[in-house]
Amino acid sequence: MEELTQQKCEVCHAGAPKVTDEEAANYQKQVPGWIIMEHDGVKRLERVFKFKDFISALSFTQKVGRLAEDEGHHPALLTEWGSVGVAWWTHKIHGLHRNDFIMAAKTDEIYKDFAAM
Ligand SMILES: C[C@H](O)[C@H](O)[C@H]1CNC2=NC(N)=NC(=O)C2=N1
């Protein structure tokens, strides 16, 4: 399977297919730090990233926000002192699309610059 970090999000439309359980399990091998949670029947990829302070958390938030704008695919973000909660799902299909796994993998890439801090 191609590396998720090397892929670009496709423009999502209402009829786009959700990932199957098998596809999700396969993609999750590339983003092991993420869990699939269901909220009001909508599956989401979620992960909490830890930071040494608020400024670092804010900087990470900005970078993820820029990524989202570049890809046209946006997360839910909860920025707090020392942590940022990130959730990816595709609003248009009320569930998980390959785009969400691509974005989770690219979010992990951004975190690599902070994890060493
Ligand atoms: C018009 C705009 O591109 C669309 O509404 C995009 C924006 N960002 C998005 N982000 C996410 N996570 N899901 C979407 O369905 C979505 N749609």
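The values are calculated or read from the model by the stated rules, or taken from the named source; none is laboratory data. No experiment lies behind these values; they were computed from the predicted model shown. Note: ideal-geometry Cβ built from the backbone for every residue, glycine included; neighbour counts use all protein chains shown. Remember, those area values only see protein heavy atoms, side chains included, never the ligands or the DNA or RNA. Shrake-Rupley method; radii C 1.70, N 1.55, O 1.52, S 1.80 Å.
Highest mean first, the peptides 4-15, 92-103, 19-30 sorted by other C-beta atoms within 10 Å per residue fall in the order 92-103, 19-30, 4-15. Probing with 1.4 Å while keeping every protein chain in the model, the per residue accessible area of the chain equals 57 Å². Taken over the C-alpha atoms, region 39-117 has Rg and Dmax values of 12.4, 37 angstrom. Measuring between alpha carbons in the structure, the pairs from 8/43; 43/106; 18/52; 8/29 lying more than 27 angstrom apart are 18/52.
With contacts taken as Cα pairs under 8 Å and at least 6 residues apart, the chain reaches a relative contact order of 36 percent.
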